[in-house]
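Report on one structure; see the data block that follows.
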Amino acid sequence: TILILDFGSQYSHLITRRCREHNVYAELMPCTTKMSEVGFKPKGIILSGSPYSVYDKDAPRVDPAVFEQGVPILGICYGLQEMISSMGGTVSKAAHREYGFAKLNISKPSPLFDGLGDELDVWMSHTDQVHGLPEGFHVIASTSTAPFAGVSHDSKPWYGIQFHPEVTHSERGKEVIGRFIVDICGSHKSWTMEEFIGKEIARIRALCGDTGRVIGAVSGGVDSTVAAKLMHEAIGDRFHAIMVDNGVLRMDEGAQVLKMLREDLGVNLTVVDASDLFLGRLEGIEDPEQKRKIIGNTFINVFEDEAHKLEKDGKVEWLLQGTLYPDVIESISFKGPSATIKTHHNVGGLLADMKLKLIEPLRELFKDEVRALGRLLGIPHHLVQRHPFPGPGLAIRILGPVTRAQVAILQHADKIYLEEIHAAGIYDQISQAFAVLLPVRAVGVQGDARTYEQVIALRAVQSEDFMTADWYVFEPKVLRKISSRITNEVEGINRVVYDVSSKPPATVEWL
Ligand code: XMP
């Protein structure tokens, strides 16, 4: 295992990602973790970047014990500066804040850059830089503005780099990380989903014993489907899945999930149609946060009722949750000042009441690891590659009040949009695509008649982690076909627009 100490950089989770891509297990912990609390002996330690300066009064400091573990250390950006300043070198403000591409000249052979040539395109994002090395260190790489862009200890396997190898803009960054974790640390490439399945099934069986029963919500999304199938493999029908139809799902979603999970995958599943209850509570509500709250709370009510029904056949002890590693990282990572933009609902509120114990088989996995696991479990490609769909569903894609009629219009437009994206063979290039129903009306003409109807906005984005996103560039003929079909086939719509906003400053969803 590689230990990554997070000093709060927006890129920290990507370091973990890149290690996993080398099939090396890596775990991220906040920089405030003491070595004595780590709980395993790491093969190597990576110190992340940070929004702080090492000379700030409240700057997070590394536990000095890190340097006494006798294992290789790699400092990235702030991590480099923290290592150098801890060892007595100097770090201060750079002449200019540097953000963007730089040419890295590798000036001295080093195992960190072995086989990568003598020049690399790298991504820089820093205000401070190293100005003087402590005794025992030497330079291995530089850029035109950063003379200490790569440093190494003379005798110990300690390295520091000013650039960010973890971001994909750093052309061979993943290889640099590979040099460190595999060649320098000697990590085994043993983190694979094949190994994971067997171990996780054994762990679930041990946890639930011979009689323990588990319930879990499924949504038709990748995570809950994979988690449900894994539970089914482990304990068969002692796992019971519940899908709540909240009235704001995609068209025919309930029926499709039923077919796929129950008939194709054999999972013990109940679909509950609670659409009247949800739509009733949503009546007249426009505020997005209120919509989220109502849907979240109503979901808990319905799910609990179903769970109590199941209790008639014997006690249910466990609740399955499809928590992924990014959620875990989000909750443990070291935070500078940051604000909640939207509250993404989850079902955590269930526990208090039912005293269910949590079972989270995916909590160590990143999204693409979940997809790989899904494929190994025999879940069909189209499902494993499915775009994410938000818990509050179409309610946050209908900009005005949510009614059955508005839901029907949006479902229809959304279905056509996705059909055409599939037909164009571009679904897998897009991270998320959906239609949005605007509460405004515009004038149009149909036959000889004037129309005055609503507008559909189309959204399609590409994104690595949904923290940032870029709008997708369609071929005009694809957009033309989509627009023509929606205006012709969907009653109540006479105009289609395409959203060309990136995140930031927009968000992916409109609400
Ligand atoms: P934003 O709009 O915040 O979306 O840029 C980023 C990702 O999060 C999804 N999203 C949600 N998912 N409940 C969810 O389960 C929510 O309330 C919610 N709001 C946004 C969004 O679809 C995108 O994938």
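Just so it is clear, none of the values below were taken in a lab; they were calculated from the coordinates. The shown structure was predicted, so the numbers you read here are calculated from the model rather than taken from an experiment. Note: ideal-geometry Cβ built from the backbone for every residue, glycine included; neighbour counts use all protein chains shown.
Overview of values
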item	result
Count, lysine Cα pairs under 22 Å in region 1-131, 8 or more residues apart or across chains	4
Under 23 Å from Lys477, Cα to Cα: lysines that are on another chain or at least 8 residues apart	Lys415
Nonlocal amide H pairs with Val271, under 5 Å, H built at 1.01 Å	Met243
5 Å binning of all Cα-Cα separations within region 1-94, expressed as whole percents from 0 upward	3, 14, 27, 26, 18, 9, 3, 0
Per-residue ³J(HN,Hα) for region 163-168, Karplus 6.51 cos²θ - 1.76 cosθ + 1.60, θ = phi - 60°, Hz, x for Gly and Pro	7, 10, x, 7, 8, 5
3J(HN,Hα) from dihedral phi, region 102-110, Karplus parametrisation 6.51/-1.76/1.60, rounded to Hz, x for glycine, proline	8, 8, 9, 9, 8, 9, 9, x, 8
Relative contact order (percent, whole number), region 411-511, Cα cutoff 8 Å, 6+ residue spacing	29
Per-residue HN-Hα couplings for region 367-379 [Karplus 6.51, -1.76, 1.60; θ = phi - 60°; Hz; x = Gly/Pro]	3, 6, 5, 4, 5, 4, 4, x, 4, 5, 7, x, 7
Cα-based equivalent ellipsoid, the chain: semi-axes from gyration tensor eigenvalues, Å	45, 30, 20
Other-chain or far-sequence residues with amide H under 5 Å of Ala469's (modelled H)	Lys503
Between region 106-152 and region 218-241, the Cα center-to-center distance that results, in Å	48
Lysines whose Cα lies under 23 Å from that of Lys357, excluding same-chain neighbours fewer than 8 positions away	Lys199, Lys229, Lys309, Lys312, Lys315
Largest to smallest principal axis extent of the C-alpha atoms in region 133-283, angstrom	70, 45, 24
Within the chain, percent of DSSP bridges classed antiparallel, to nearest 5	50
Charged-residue dipole, Cβ positions (Lys, Arg, Asp, Glu), the chain about Cα centre, Debye nearest 20	120
Proximal charge balance of Ile4 [Cβ under 13 Å; K/R count +1, D/E count -1]	+1
